[in-house]
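In what follows, a structure is listed as structure tokens, so that the remarks can point back to it.
The values are calculated or read from the model by the stated rules, or taken from the named source; none is laboratory data. None of the values given here were measured: they were computed from a predicted structure. Don't worry about glycine lacking a Cβ; one is built from the backbone with ideal geometry, like all the others, and counts go over all protein chains shown.
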Amino acid sequence: MRLLAPLYARGASWRRAWYARHPEARRRLARPVISVGNLVVGGSGKTPVVAALARWLLSEGQRPSILSRGYARKHSGDGVVVVSDPGRVLAPVEQSGDEPQMLARALPGVPVLAGPDRFVAGCIAERRFDCTVHLLDDGFQHFPLHRDVDLVLVSSDDLRDSVLPAGRLREPLEAARAADALLVTGRDGDPAEIAARLRVAHAFEVIASFGAPRSLKPYGAAVDPIEPATRVLAVAGIARPERFYSAARAQGWDVVAELSYRDHHWFSEGDLARIGDRALAAGAQRILTTEKDAVRLLALADDVLDSFAYLPMTVAIEPADEFRSFIKSRLVCSA
């Protein structure tokens, strides 16, 4: 694997450099685009950041849309799917993919569109919903679409990683220089130091937290408080699930068992039976999962879902006033 990493790195660098030399190859939407991306595959927290930005833009009187690839959709040949309009969710999770579905359910008032051609998705958002700004989810390596702001999530772990297939980096670390700002995740990295190392002028800190548990049936409804020391089975089909398990323990619950699936896993009736059996064997009183897993579980009609709850994640970007001023200044420059 390590022998292949230099070849992969050269290919990724060549592609970025080609688009830098040929800006005319990038298509430009009528409204500004804020890209939220990262340097590694999976598990960096892009989707909660997109949600936080969408909520803030709404509060500023903007009409944001979210443009997503819709990775791991069951029906990938559907082209651009309007997952939600400002009033309701329109597409099932099989058509949208889990992350667009999660955003659509969490963000009433924000149209979410999924498909490989983000330019076409953005045109639809502008024409049908009169959107004033676009949020490009996982956009740092999506070169065909022009963006006005490039935000890149990074952690101190990324600085010690290797390029695919030897590690998790999609590109060499030098690619971060193309970012307008870094969003530093994790509590063990100093934003200013990481920005200096990667030679990026601006850096902000992402502070993640988990909210109160929510119900799967009905989706999003409040559940009775889960008392400390409650015996819990934690189920996750996400990248780096250990962070979710640690968060559950930090809430004071007794995580008696963990059950991990690959990222974007489509649960089956057999999976639910195994989860139920594992909960029974471990003496678990509740089954906890992530918000991203919850929308995939909804595709199943099973009474066992009554015993599930999910933990919604929210993020704050600090210092908040400085970050918001930074985004506003970039949007003004793009007008």
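Annotations for the structure displayed:
- Within segment 253-303, the set of residues being surrounded by fewer than 17 Cβ atoms within 10 Å (Cβ to Cβ), touching a Gly at 6+ places or on another chain (Cβ under 7 Å) and over 18 Å from Gly97 (Cα atoms) is empty.
- Among the residues of segment 276-335, those that are of a type in the set (S, T, N, Q) and touching a residue at least 40 places away in the same chain (Cβ under 8 Å) comprise Gln285, Thr289, Thr290, Thr314, Ser334.
- Considered as a group, the residues in segment 93-110 that are assigned to a loop (DSSP other than H, G, I, E, B) and under 16 Å from the mean Cα position of the chain (by Cα) include one that is surrounded by the fewest Cβ atoms within 10 Å (Cβ to Cβ), and that residue is Leu107.
- Every residue from segment 18-39 that is in contact with a Lys or Arg (Cβ under 8 Å, 6 or more places away or on another chain) and assigned to a helix (DSSP H, G or I): Tyr19
- Any hit, segment 115-122, residues being among the β-branched types (Val, Ile, Thr) and crowded, with 18+ Cβ neighbours inside 10 Å: no
- One residue from Asp180, Asp188, Asp161 being touching an Asp or Glu at 6+ places or on another chain (Cβ under 7 Å) and touching a residue at least 24 places away in the same chain (Cβ under 8 Å): Asp180
- Selected residue (only one of Glu171, Glu205 is under 18 Å from Ser13 (Cβ atoms), of a type in the set (Asp, Glu) and touching a strand residue (DSSP E or B) at 6+ places or on another chain (Cβ under 8 Å)): Glu171
- Failed condition for Asp271, given (1) charged (D, E, K, R); (2) farther than 30 Å from Arg31 by Cα; (3) in contact (Cβ under 8 Å) with a residue 12 or more places away in the chain: (3)
- When each of Asp188, Asp224 is tested for being within 30 Å of Ala282 (Cβ to Cβ), surrounded by fewer than 17 Cβ atoms within 10 Å (Cβ to Cβ), modelled with pLDDT under 95 and acidic (Asp, Glu), the lone residue that passes is Asp224.
- Scope segment 300-318; condition under 20 Å from the mean Cα position of the chain (by Cα) and either outside any strand (DSSP E or B) or of a type in the set (Asp, Glu) (or both); matching residues: Pro312, Glu318
- Considering segment 119-155, the residues that are in a helix (DSSP H, G or I) and β-branched (Val, Ile, Thr) include one that is nearest to Val36 (Cα to Cα), namely Val120.
- Answer residue from segment 25-81, given it is surrounded by 20 or more Cβ atoms within 10 Å (Cβ to Cβ) and of a type in the set (D, E, K, R) and is nearest to Ala176 (Cα to Cα) among those: Lys46
- Residue in segment 287-295 that is under 30 Å from Ala203 (Cβ atoms) and part of a helix (DSSP H, G or I) present: yes
- Test: residue in segment 69-86 that is touching a residue at least 60 places away in the same chain (Cβ under 8 Å), outside any loop (DSSP other than H, G, I, E, B), not charged (D, E, K, R) and not assigned by TED's automatic domain parsing to the domain that holds Tyr261: no
- Note on segment 170-281: enclosed strands (runs of 3 or more DSSP E) holding 3 or more residues that are within 19 Å of the chain's Cα centre (by Cα) are 181-184, 203-210.
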